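As structure tokens, the structure follows; a few thoughts come after it.
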Amino acid sequence: MFTSIAGRNAVVTGATKGIGKGIALVLARAGANVMITGRNADDAARTVAELQAEGDGQITSFLGNVASPADCAAMAQAAVDAFGGIDIVCANAGIFPDAKLADMTEADLDLVFDTNVKGTMLTVQACLPHLKASGRGRVIVTSSITGPVTGYPGWSHYGASKAAQLGFMRTAAIELAPHGITVNAVLPGNIATEGLADLGAEYRASMEASIPQGRLGDVTDIGNAALFFATDEAAYVTGQALVVDGGQILPESLEALQAARD
Ligand code: NAP
């Protein structure tokens with residue numbers, strides 16, 4: 001058994017729905033106090049109510065944009081006001097609008113990088129004094145297989161932003177190691193979320209057919225990986241990227257995938 005994280009204080013960005021909600025759920029079930037963030041007040045209220053039924057820890061929410069330094073500062077302060085400190089930060093908020101390179105506007109690029117890259121860095125920066133004070137701080141970034149490992153037409157800006165998160169992670173891991181803070185990333189494959197549902201049934205079916213385990217991931221599959229990075233037992237793991245994708249990146253060809261099913 002791992003040492004309990006009950007009573008630890010966690011902030012999970014982009015947790016009003018989707019993967020962030022799954023991470024928050026797993027942390028809440030483990031007894032952590034969890035602050036979820038996002039921008040949609042109705043989704044936040046619904047998720048807080050659901051999480052409150054799951055664990056003994058306190059659950060609260062903060063509404064703000066991760067791309068705003070002022071919002072991130074207020075978010076960190078709200079967590080400290082609610083819980084007294086911050087031990088775990090899950091920088092998960094992210095967007096994946098598609099645009100082919102030939103059509104991509106500067107506004108498309110800015111939105112994806114502001115949210116996914118700047119948002120990750122501002123989140124961690126705002127929480128840093130409190131992670132240092134914790135003495136066992138944990139940063140867990142939600143990256144993706146898309147960019148760091150694979151490519152997909154329409155997502156060159158998204159893939160670049162997800163790879164950039166890993167560049168951030170590696171240097172942050174070195175800078176923060178003297179403070180007992182670890183910085184790691186989970187790289188989800190295709191996970192059943194509200195955001196992924198927006199991509200349509202055809203996309204979902206083609207992804208299911210590409211995954212050796214034959215199913216999309218559940219948000220708690222990513223939550224469980226995040227929980228591992230949050231434990232005391234993961235204290236010596238830092239700067240690492242863990243792929244959680246049901247084997248999606250493994251087959252060398254469609255034949256390799258099919259041969260296992262024959
Ligand atoms: P989702 O269902 O669309 O949920 C996205 C979450 O992020 C929502 O809670 C949303 O909150 C929040 N968010 C978006 N922009 C924000 C902003 N500017 N400021 C604050 N919060 C913001 O997406 P998801 O599928 O769970 O994806 C979550 C993360 O996982 C992303 O980083 C994504 O790149 C990564 N990922 C997902 C998959 C997948 O298959 N689903 C695969 C690989 C990686 P509001 O709506 O309340 O603003």
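The values are calculated or read from the model by the stated rules, or taken from the named source; none is laboratory data. Values in this document were obtained by computation on a predicted structure and should not be read as measured data. When we count neighbours, we look across all protein chains shown, and the Cβ atoms used for this are built from the backbone with ideal geometry, even at glycine. All accessible areas refer to the heavy atoms of the entire protein, side chains included, with ligands and DNA or RNA removed. Shrake-Rupley method; radii C 1.70, N 1.55, O 1.52, S 1.80 Å.
Of all residues in segment 35-54, those satisfying the criterion of being under 15 Å from Thr123 (Cβ atoms) and either more than 9 Å from the ligand (Cβ to nearest atom) or surrounded by fewer than 24 Cβ atoms within 10 Å (Cβ to Cβ) (or both) are Met35, Arg39. Give me the residue from segment 55-74 that is part of a loop (DSSP other than H, G, I, E, B) and either open to solvent by less than 50 Å² (accessible area, probe 1.4 Å) or of a type in the set (D, E, K, R) (or both) and, out of that set, farthest from the ligand (Cβ to nearest atom). Checking each candidate, the answer is Asp56. If we scan segment 97-106, do we find a residue that is more than 13 Å from the ligand (Cβ to nearest atom), under 24 Å from Ala192 (Cβ atoms) and either more than 16 Å from the chain's Cα centre (by Cα) or in a strand (DSSP E or B) (or both)? The answer is yes; a qualifying residue exists. Given the condition touching a strand residue (DSSP E or B) at 6+ places or on another chain (Cβ under 8 Å), under 29 Å from Val34 (Cα atoms) and not in a strand (DSSP E or B), answer yes or no: does some residue in segment 242-261 qualify? There is at least one residue in segment 242-261 that is touching a strand residue (DSSP E or B) at 6+ places or on another chain (Cβ under 8 Å), under 29 Å from Val34 (Cα atoms) and not in a strand (DSSP E or B).
Would segment 6-17 turn up any residue that is assigned to a loop (DSSP other than H, G, I, E, B), under 19 Å from Phe83 (Cα atoms), hydrophobic (A, V, I, L, M, F, W, C) and more than 11 Å from the ligand (Cβ to nearest atom)? Checking segment 6-17: at least one residue is assigned to a loop (DSSP other than H, G, I, E, B), under 19 Å from Phe83 (Cα atoms), hydrophobic (A, V, I, L, M, F, W, C) and more than 11 Å from the ligand (Cβ to nearest atom).
For segment 208-243, the set of residues classified as under 14 Å from the mean Cα position of the chain (by Cα) and among the aromatic types (Phe, Trp, Tyr) consists of Phe228, Phe229, listed by residue number.
For every residue, the table says whether it meets (1) open to solvent by 40 Å² or more (accessible area, probe 1.4 Å); (2) within 13 Å of the ligand (Cβ to nearest atom).
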residue	(1), (2)
Trp155	no, yes
Ala160	yes, yes
Glu194	yes, yes
Ala197	yes, yes
Asn224	yes, no
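Return the total of residues in segment 207-222 being more than 30 Å from Ala32 (Cα to Cα) and open to solvent by less than 50 Å² (accessible area, probe 1.4 Å). The number of residues fulfilling the criteria is 4. Looking only at residues of segment 171-191 that are of a type outside the set (Val, Ile, Thr) and open to solvent by 40 Å² or more (accessible area, probe 1.4 Å), we find that the one that is nearest to the ligand (Cβ to nearest atom) is Glu175. Within segment 90-103, does at least one residue satisfy the condition of being basic (Lys, Arg), open to solvent by 30 Å² or more (accessible area, probe 1.4 Å) and more than 26 Å from Ile36 (Cα to Cα)? Checking segment 90-103: at least one residue is basic (Lys, Arg), open to solvent by 30 Å² or more (accessible area, probe 1.4 Å) and more than 26 Å from Ile36 (Cα to Cα).
Count of segment 55-78 residues, restricted to those that are more than 14 Å from Gly20 (Cβ to Cβ) and modelled with pLDDT of 95 or more, is 15. For the condition within 22 Å of Gly151 (Cβ to Cβ), aromatic (Phe, Trp, Tyr) and open to solvent by less than 70 Å² (accessible area, probe 1.4 Å), Phe113 qualifies.
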